[in-house]
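J.: Following this message is one structure expressed as structure tokens.
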Amino acid sequence: MTSNRKLARPLLLIGQIALAAIFLAAGYFKLREPWLQFAVSLSSFKILPDEWLEPVAKTLPWAEVALGVAILSGILLRWTALLSSLILTVFLSVLTRSYLLGIHADCGCFGSGEPLGPKTLARDSTMLILALAVTAGAFLLRKPNRVE
Amino acid sequence: MRSFLLVRPALSVIPALLLVGACLAQTPAADPKKVVPNTPPKTTAAKTTPKTTAAVKNYKLTGSPAAKVTMELYTDFECPSCREFFLKVLPEVERDYVATGKIQLLHRDFRLPQHNYTKVAARYANAAGQIGQYQIVAQALFAKQQDWAQNGNVDAAVAKVLSPADLEKVRNLVKTDSHLDDTCVADEAQGAKDALSETPTMVIVKDGKRTKIGGFVQYNILKAYLDQILKS
């Protein structure tokens with residue numbers, strides 16, 4: 001059990017850094033563009049009410065950056081990893097729904113110009129698996145090494 | 001390992017600060033990689049549009065020359081999203097921003113290779129532009145897109161909105177004017193510089209900065225964005 005923990009902890013750290021990098025990159029590439037471009041991507045999914053497009057387009061990228069920083073810091077990792085899993089589940093559900101309905105949406109996941117397709121779904125599924133693994137790891141390895 | 005875990009929260013602030021700094025260094029709408037520096041106007045027509053780079057004819061430009069913002073709109077006459085934008089969104093933009101002198105509007109052709117009749121349609125529109133009828137013909141081409149995109153009969157769509165005399169002039173220009181596609185070529189060259197990947201695409205030009213917005217934009221969010229740009 002102890003040796004498993006020794007092996008699991010670096011793996012968790014790697015997963016945590018990778019997950020944080022995904023959220024930081026997603027936020028950064030959206031923030032590089034005008035918020036209107038992300039609003040256009042959101043609008044293409046035909047799922048949000050019009051009045052939500054602007055506030056979501058303006059806040060979601062910053063929320064992704066904040067979540068990336070929180071995951072990277074390791075503070076409250078169980079909860080930030082769980083939140084990232086929930087967010088990625090929502091994203092993947094929206095993408096899958098749009099794909100199945102044949103909606104020609106722009107993913108907007110890492111900035112504009114990425115038409116929704118099987119590659120997008122495969123990538124987002126991988127990210128969700130990573131988030132779930134980090135969440136599970138964080139709960140199973142709850143801070144035995146944390147020093148007061 | 002333990003010491004690393006202890007300092008990690010502090011270390012994570014560094015990429016966060018770098019990221020926030022990088023984001024804040026951007027203007028609300030600017031992307032340095034997408035900024036195309038202005039070049040001196042090449043033609044007489046372009047002298048009236050110093051904020052734009054390509055040589056364009058005046059008939060594609062509407063609005064006050066004193067406007068601080070120019071919206072360059074790249075469309076393809078055969079593209080359905082362009083049709084929707086042109087017929088549903090553009091009239092509101094023209095009413096609220098172009099007619100009020102806040103924004104200049106510049107139409108740019110971006111003919112997509114997968115469309116069979118878009119080149120013919122653009123020739124008709126530009127021929128109409130030569131006789132001062134660009135807007136009405138562009139409107140008709142988008143309104144009747146579903147007809148001529150099926151059968152290729154662009155002439156029939158144009159014939160409905162022009163007088164017989166004007167129609168004859170347009171037909172002659174379409175047949176004989178070897179320079180009729182020049183503005184399209186210039187627009188497409190500018191589109192390549194703007195790294196266009198889809199139509200419709202808007203490029204908002206303010207203070208020499210070009211900000212690209214690709215895809216169909218609903219008017220309510222476009223309005224919010226334009227108001228923000230005009231205030232800044």
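J.: What about A:V40, is it within 11 Å of another protein chain (Cβ to nearest Cβ), outside any loop (DSSP other than H, G, I, E, B) and either polar (S, T, N, Q) or buried (at least 19 other Cβ atoms within 10 Å of the Cβ) (or both)? It would help to see each step written out before you state the result.
T.: Numbers: within 11 Å of another protein chain (Cβ to nearest Cβ): yes; outside any loop (DSSP other than H, G, I, E, B): yes; either polar (S, T, N, Q) or buried (at least 19 other Cβ atoms within 10 Å of the Cβ) (or both): yes.
So A:V40 passes the test.
J.: Can B:K231 be described as surrounded by 14 or more Cβ atoms within 10 Å (Cβ to Cβ) and either out of contact with any Lys or Arg (no Cβ under 9 Å at 6 or more places or on another chain) or within 14 Å of chain A (Cβ to nearest Cβ) (or both)? Walk me through it before giving the result.
T.: Details: surrounded by 14 or more Cβ atoms within 10 Å (Cβ to Cβ): no; either out of contact with any Lys or Arg (no Cβ under 9 Å at 6 or more places or on another chain) or within 14 Å of chain A (Cβ to nearest Cβ) (or both): yes.
No: the conditions fail for B:K231.
J.: Here is a check on your reading of the model: is A:S85 within 18 Å of A:R123 (Cβ to Cβ), touching a helix residue (DSSP H, G or I) at 6+ places or on another chain (Cβ under 6 Å), among the hydroxyl-bearing types (S, T, Y) and more than 11 Å from every other protein chain (Cβ to nearest Cβ)? Steps first, please.
T.: Numbers: within 18 Å of A:R123 (Cβ to Cβ): yes; touching a helix residue (DSSP H, G or I) at 6+ places or on another chain (Cβ under 6 Å): yes; among the hydroxyl-bearing types (S, T, Y): yes; more than 11 Å from every other protein chain (Cβ to nearest Cβ): yes.
Spelling it out, A:S85 is indeed within 18 Å of A:R123 (Cβ to Cβ), touching a helix residue (DSSP H, G or I) at 6+ places or on another chain (Cβ under 6 Å), among the hydroxyl-bearing types (S, T, Y) and more than 11 Å from every other protein chain (Cβ to nearest Cβ).
J.: Does any residue of the stretch A:119-126 turn out to be modelled with pLDDT of 95 or more and small (G, A, S)?
T.: yes
J.: Could you grab me the full set of residues in the stretch B:161-180 that are surrounded by 11 or more Cβ atoms within 10 Å (Cβ to Cβ) and in a loop (DSSP other than H, G, I, E, B)?
T.: Within the stretch B:161-180, the first condition is being surrounded by 11 or more Cβ atoms within 10 Å (Cβ to Cβ), and the residues that meet it are B:161-162, B:166-174, B:177, B:180.
Of everything in the stretch B:161-180, those that are surrounded by 11 or more Cβ atoms within 10 Å (Cβ to Cβ) and in a loop (DSSP other than H, G, I, E, B) turn out to be B:V161, B:L162, B:D177, B:L180.
J.: Have a look at B:A192, B:A224 and point out the one that is within 13 Å of chain A (Cβ to nearest Cβ) and surrounded by fewer than 22 Cβ atoms within 10 Å (Cβ to Cβ).
T.: Numbers: B:A192 fails: within 13 Å of chain A (Cβ to nearest Cβ).
The unique qualifying residue is B:A224.
J.: What pairs can you find where one residue is in the stretch B:190-209 and more than 22 Å from B:A67 (Cα to Cα), the other is of a type in the set (D, E) and in a loop (DSSP other than H, G, I, E, B), and their Cβ atoms are less than 8 Å apart, with a gap of 6+ or different chains?
T.: Filtered contacts from the stretch B:190-209: B:T199/B:D76.
J.: Every residue in the stretch B:88-122 that is touching a residue at least 60 places away in the same chain (Cβ under 8 Å), in a loop (DSSP other than H, G, I, E, B) and over 21 Å from B:K223 (Cβ atoms), please. Give the steps one after another, and end with the answer.
T.: To start, the set of residues in the stretch B:88-122 that are touching a residue at least 60 places away in the same chain (Cβ under 8 Å) comprises B:88-89, B:92-93, B:96-97, B:102-103, B:108-112, B:119, B:122.
Of the ones still in play, those that are also in a loop (DSSP other than H, G, I, E, B) are B:102, B:110-112.
Passing the criteria: B:F110, B:R111, B:L112.
J.: Say we look at the stretch B:198-213 and pick out the residues that are in a strand (DSSP E or B) and not basic (K, R); which of these is farthest from the other protein chains (Cβ to nearest Cβ)? If you could, list the steps in order and put the result at the bottom.
T.: From the stretch B:198-213, those in a strand (DSSP E or B) are B:201-206, B:209-213; that's our starting set.
With not basic (K, R) added as a condition, the list becomes B:201-205, B:211, B:213.
Values: B:T201: 10, B:M202: 9, B:V203: 11, B:I204: 8, B:V205: 13, B:T211: 6, B:I213: 5 Å.
Once the filter is applied, the top-ranked residue is B:V205.
J.: Residues of the stretch A:68-80 being within 14 Å of chain B (Cβ to nearest Cβ) and in a helix (DSSP H, G or I), which ones?
T.: Kept after step one, since they are within 14 Å of chain B (Cβ to nearest Cβ), are these residues of the stretch A:68-80: A:68-77, A:80.
Scanning the stretch A:68-80 gives A:G68, A:V69, A:A70, A:I71, A:L72, A:S73, A:L77, A:T80.
J.: While we're on this one: Among B:A195, B:A138, B:A125, which is touching a strand residue (DSSP E or B) at 6+ places or on another chain (Cβ under 9 Å) and part of a loop (DSSP other than H, G, I, E, B)? Explain how you work it out, then say what you get.
T.: On the way: B:A138 fails: part of a loop (DSSP other than H, G, I, E, B); B:A125 fails: part of a loop (DSSP other than H, G, I, E, B).
So the residue among B:A195, B:A138, B:A125 that is touching a strand residue (DSSP E or B) at 6+ places or on another chain (Cβ under 9 Å) and part of a loop (DSSP other than H, G, I, E, B) is B:A195.
J.: Ok, one more. What number of residues within the stretch B:45-61 satisfy the criterion of being of a type in the set (V, I, T) and either modelled with pLDDT of 95 or more or over 16 Å from the mean Cα position of the chain (by Cα) (or both)? Break it down into steps so the answer makes sense when it comes.
T.: Let us first name the residues in the stretch B:45-61 that are of a type in the set (V, I, T), namely B:48-49, B:52-53, B:56.
Then drop every residue that is not either modelled with pLDDT of 95 or more or over 16 Å from the mean Cα position of the chain (by Cα) (or both), which leaves B:48.
Looking only at that region, the number is 1.
J.: Hey, any hits in the stretch A:88-106 for a residue that's within 23 Å of A:A20 (Cβ to Cβ) and not in a helix (DSSP H, G or I)?
T.: no
J.: Considering (1) assigned to a helix (DSSP H, G or I); (2) crowded, with 19+ Cβ neighbours inside 10 Å, say which one B:L73 fails and leave the rest.
T.: Unmet condition: (1).
J.: Moving on to the next point. Could you tell me which numbered condition B:F216 fails, if it satisfies all but one of (1) at pLDDT below 95; (2) away from chain A (no Cβ under 14 Å); (3) not in a helix (DSSP H, G or I)?
T.: (2)
J.: Also, I was wondering about something else. Which residue is nearest to the chain's Cα centre (by Cα), if the candidates are limited to the stretch A:1-37 and must be surrounded by fewer than 14 Cβ atoms within 10 Å (Cβ to Cβ) and of a type in the set (S, T, N, Q)?
T.: A:N4
J.: Count, please, the residues in the stretch A:2-33 that happen to be farther than 27 Å from A:W62 by Cα and either of a type in the set (A, V, I, L, M) or modelled with pLDDT of 95 or more (or both). Break it down stepwise before answering.
T.: Step one: list which residues in the stretch A:2-33 are farther than 27 Å from A:W62 by Cα, which gives A:2-11.
Still in the running and either of a type in the set (A, V, I, L, M) or modelled with pLDDT of 95 or more (or both): A:7-8, A:11.
Of the residues in the stretch A:2-33, 3 are farther than 27 Å from A:W62 by Cα and either of a type in the set (A, V, I, L, M) or modelled with pLDDT of 95 or more (or both).
The values are calculated or read from the model by the stated rules, or taken from the named source; none is laboratory data. Please read these numbers as outputs of a predicted model, since none were measured by experiment. So basically every Cβ, Gly included, is an ideal-geometry build from the backbone, and we count neighbours across all protein chains shown.
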